[in-house]
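Comments concern the structure below.
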Amino acid sequence: MGCESCSTGKNGQPKGCKNNGTCGTDGCNKLSVFDWLANMDLPNGQEKFPYVEVRFKNGRKEFFKNQERISLSMGDIVAVEASPGHDVGMVTLTGELVRVQMKKKKVKPDDDSVLKIYRKATQKDIDIWQEAREREEGIKVRAREIAIRLNLKMKISDVEFQGDASKATFYYTAEERVDFRQLIKEFAHEFRTRIEMRQIGFRQEAARLGGIGSCGRELCCSTWLTDFRSVTTSAARYQQLSLNPLKLAGQCGKLKCCLNYELDAYLDALKEFPRQDTKLQTQKGTAVCQKIDIFKGSLWYAYEVEWMNWFELKTDQVKEIIHAAKNNKPVASLEEFVSEEPQATSDRFEDAVGQDSLTRFDKPKKQQKRKPRKNRKRKPQAKKNNRNFKKKKPAKND
């Protein structure tokens, strides 16, 4: 997410385009939106939808009413109504797409909870806002130290200051209910500002903090995913995945949201398969399903006596065996449906995508013979007569 020349500078702000995350394309921020209706004109006599979407720290978005009909576009910094005081955020969406988003999130335009936009942020508003943002990291560290000293079973994950620096919101996660009355008193005395505690879930914490998933990309919850649907272990069972919590759990400690992405495709494919708990009745014995392969459309069965001997069958063959058993005409055995032609398998490495051989480092290097240099003066070497020299024994004196 971001410009081609984007990189991280001081205080986590992007550098490259020099807009520090406030460019009009909104590409440096989380949950960026592409306004595909921006170049289209409204029909004659229709007014522009008087609501805009404003983004705050870490993807927090809210809708505001533009009563003053201020000319706004994506990337503008605005001062909006808050309780109390005002907040500063960035416009991420305007026009008819805001109507669609409000309908999706079930926010009524005539609701009293929808606040209004005051003005475009002045330089003074932006300076106060940036000074408050610079204090957040140090306050978060100090807040964690106070919570540990009070022996509270909670984790303070993030701190967000209001645009006018009149209020600080502490986001925390906890498995049990926490009595933080004493904590708020110490926070107010320590930080000299109004304190608000807001509990979030583990998925929301991962979305606010961000990170890199096991796939090597940014977390879906921090880039584009907004609705956190429940993920169950049955989603992994339908996709024939091993129930290993180390592989199925994300950075939030819960099951990965991507388990639901292809679940509908697997459920549609499983409709063509017979139930796995259905046993095949044959004259030789009863066979039980051991494994299925959705992509190949194959099922593996084994007799109840011979558990180590598996037979691969196609879905239409299994349905034929089940249908014959219902008509009281069971087949003789599963061996009749298994093809006797062995499948040719090759253990050799194939360079299919232009990669080098896997054994290229196993070959010994050839020693190149050194060519003699021409017109090279040899240094005179001292004659070594140690081999031919025989040490004389001294004569004995009488």
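The values are calculated or read from the model by the stated rules, or taken from the named source; none is laboratory data. Note that the structure is a prediction, hence the values are computed from the model and not measured. Here the Cβ positions follow ideal geometry from the backbone for every residue, glycine too, while neighbour counts run over all protein chains shown. SASA here: full protein model, heavy atoms, side chains in, ligands and nucleic acids out. Shrake-Rupley method; radii C 1.70, N 1.55, O 1.52, S 1.80 Å.
What residue, of Thr193, Thr226, is under 26 Å from Phe161 (Cβ atoms), β-branched (Val, Ile, Thr) and over 20 Å from the mean Cα position of the chain (by Cα)?
Exactly one residue qualifies, and that residue is Thr193.
Could you identify the single residue in Cys252, Cys289 that is closer than 30 Å to Gly211 by Cβ and either open to solvent by less than 40 Å² (accessible area, probe 1.4 Å) or part of a helix (DSSP H, G or I) (or both)?
From the options Cys252, Cys289, the qualifying one is Cys252.
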Checklist entry - From the list Asp111, Asp76, which residue is surrounded by fewer than 19 Cβ atoms within 10 Å (Cβ to Cβ) and on the phi < 0 side of the Ramachandran plot? => result Asp111
Item to check | Selection within region 51-73 - open to solvent by less than 30 Å² (accessible area, probe 1.4 Å) and over 26 Å from Glu196 (Cα atoms) | outcome: Tyr51, Asn66, Leu72
Item to check | Residue check for Gly213: among the small types (Gly, Ala, Ser) and in contact with a strand residue (DSSP E or B) (Cβ under 8 Å, 6 or more places away or on another chain) | outcome: no
Checklist outcome for this item: Flagged pairs (Cβ under 8 angstrom, 6 or more apart or on separate chains; first in region 115-139, closer than 28 Å to Lys65 by Cβ; second in a helix (DSSP H, G or I)) are Ala121/Trp129; Arg133/Asn11; Arg133/Lys57
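Quick check on region 32-61: of everything there that is under 20 Å from Arg133 (Cα atoms) and part of a loop (DSSP other than H, G, I, E, B), which residue is modelled with the highest pLDDT?
Filtering first and then ranking leaves Phe56.
What are the residues in region 216-225 that are of a type outside the set (A, V, I, L, M, F, W, C) and open to solvent by 70 Å² or more (accessible area, probe 1.4 Å), if any?
Arg217, Glu218 - these are the residues of region 216-225 that are of a type outside the set (A, V, I, L, M, F, W, C) and open to solvent by 70 Å² or more (accessible area, probe 1.4 Å).
Name the residue that is least open to solvent (accessible area, probe 1.4 Å), counting only residues in region 255-286 that are over 30 Å from Gly213 (Cβ atoms) and in contact with a helix residue (DSSP H, G or I) (Cβ under 8 Å, 6 or more places away or on another chain).
Leu280
Could you please find all residues in region 255-286 being assigned to a strand (DSSP E or B) and under 20 Å from the mean Cα position of the chain (by Cα)? Please lay out each step first, then the result.
Restricting attention to region 255-286, the residues satisfying the condition of being assigned to a strand (DSSP E or B) are 255, 280-281, 286.
Correct list: Leu255 only.
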Checklist outcome for this item: Checked pairs for region 39-53, first over 21 Å from Tyr118 (Cβ atoms), second open to solvent by 30 Å² or more (accessible area, probe 1.4 Å), C-beta under 7 Å and 6 or more apart or across chains, list as Leu42/Lys48
Checklist outcome for this item: Within region 182-199, residues open to solvent by 50 Å² or more (accessible area, probe 1.4 Å), part of a helix (DSSP H, G or I) and without any contact (Cβ under 8 Å) to a residue 24 or more places away in the chain come out as Ile184, Lys185, His189
Checklist entry - Is it true that some residue in region 81-101 is assigned to a loop (DSSP other than H, G, I, E, B), more than 24 Å from Ser166 (Cβ to Cβ) and open to solvent by 40 Å² or more (accessible area, probe 1.4 Å)? => result no
Item to check | Qualifying positions in region 139-177 - open to solvent by 50 Å² or more (accessible area, probe 1.4 Å), part of a loop (DSSP other than H, G, I, E, B) and of a type in the set (Asp, Glu) | outcome: Glu175, Glu176
Checklist entry - Which ones in region 233-249 are open to solvent by 70 Å² or more (accessible area, probe 1.4 Å) and either closer than 20 Å to Ala207 by Cα or part of a helix (DSSP H, G or I) (or both)? => result Arg237, Tyr238, Pro245, Leu246, Lys247
